[in-house]
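To keep things clear, I will list the structure first and then write my remarks on it.
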Amino acid sequence: MVDEDESVDLSFGLKGKVTVVTGGAAGIGAAIARAFVANGARVALVDRDIDTARAHARNRGENVRAFQCDVADPSSAENAVRSVLTEFGHMDVLANCAGMVVLAPAEDLTSQMWDTTLAVNLTGTFLMSQQVGRAMLEAGGGKIINIASQAASIGLDQHAAYCASKAGVRGPAPGGRAPSRWVLPDGQRGLSAAAPGARRPHRGHRRLAACPETWPLCRWLSAAARARARCLVARA
Ligand SMILES: NC(=O)c1ccc[n+]([C@@H]2O[C@H](COP(=O)([O-])OP(=O)(O)OC[C@H]3O[C@@H](n4cnc5c(N)ncnc54)[C@H](O)[C@@H]3O)[C@@H](O)[C@H]2O)c1
């Protein structure tokens, strides 16, 4: 298995681009935020965990601000987007990274586990995309990057709710299953979905390593490598 891929060319700038990163307080979201700031973007860290988001913002200087938000709650999403607009004036990129997983055999999964997973991963992605997307359409453009997963395409043991949520995230993106309205008037694509494989360290990494045939990418990716890929998507 290939360990990490740090080979993506980052010799371009996102100077001044206002980027909203949900789930920006941890993991892939935090890595994406770091990569965007390093490339000159101004970043709004939107997260339920406001203390950690604020700590990151303090460490990364004046181009980063933290905003409290539960992406699964419509009024919380609306308020957060309004606050970002007040702070930054406009939004160029949205990276929907907030997500969660609960592991349980399908026969033991409670309806609460199912509902919570779909509320955060799928409804939260929609709510944030809708709120930010409206402002982008008004401003004439923008990019929305949704983080799906390999779990959108394959069945992973104990991931029934997670797989369903990520298949939903992939659905509306170009190349997904549902037609997308998120195409800008000039034909520019405004929405994309990334379907990463497993990040290391990862809760299920031992199980995945034991059955690589169920694992399309068959490689670990660092959060930083994923962030580089997102930068490329945002620039395109
Ligand atoms: N870790 C992996 O290997 C992997 C693989 C494929 C896809 N993904 C997807 O990438 C995204 C990030 O994964 P990660 O492993 O970095 O996660 P993580 O658990 O490290 O971080 C998730 C962040 O989202 C925030 N969050 C959770 N629920 C929220 C809510 N309701 N409102 C606002 N913020 C909320 C958390 O506070 C946290 O900061 C998720 O969508 C995940 O499904 C992860």
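The values are calculated or read from the model by the stated rules, or taken from the named source; none is laboratory data. Nothing here was measured: the structure is a model prediction, and the numbers come from that model. A quick note on method: Cβ atoms are made from the backbone with ideal geometry, for glycine too, and the neighbour counts reach across all protein chains shown.
The table that follows gives values for the structure above.
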read-out	value
Some residue of the stretch 117-136 being more than 15 Å from the chain's Cα centre (by Cα), modelled with pLDDT of 95 or more and among the basic types (Lys, Arg)	no
Which listed residue is over 30 Å from GLY155 (Cα atoms) and over 19 Å from the mean Cα position of the chain (by Cα), from GLU107, GLU87, GLU78	GLU87
Scope the stretch 21-30; condition of a type in the set (Gly, Ala, Ser), crowded, with 24+ Cβ neighbours inside 10 Å and more than 6 Å from the ligand (Cβ to nearest atom); matching residues	GLY24
Selection from the stretch 31-41 of residues that are surrounded by fewer than 22 Cβ atoms within 10 Å (Cβ to Cβ) and at negative phi	ARG34, VAL37, ALA38, ASN39
Single residue of the stretch 42-55 satisfying the filter (without any contact (Cβ under 8 Å) to a residue 60 or more places away in the chain and in contact with a strand residue (DSSP E or B) (Cβ under 6 Å, 6 or more places away or on another chain)) that is farthest from the ligand (Cβ to nearest atom)	ARG42
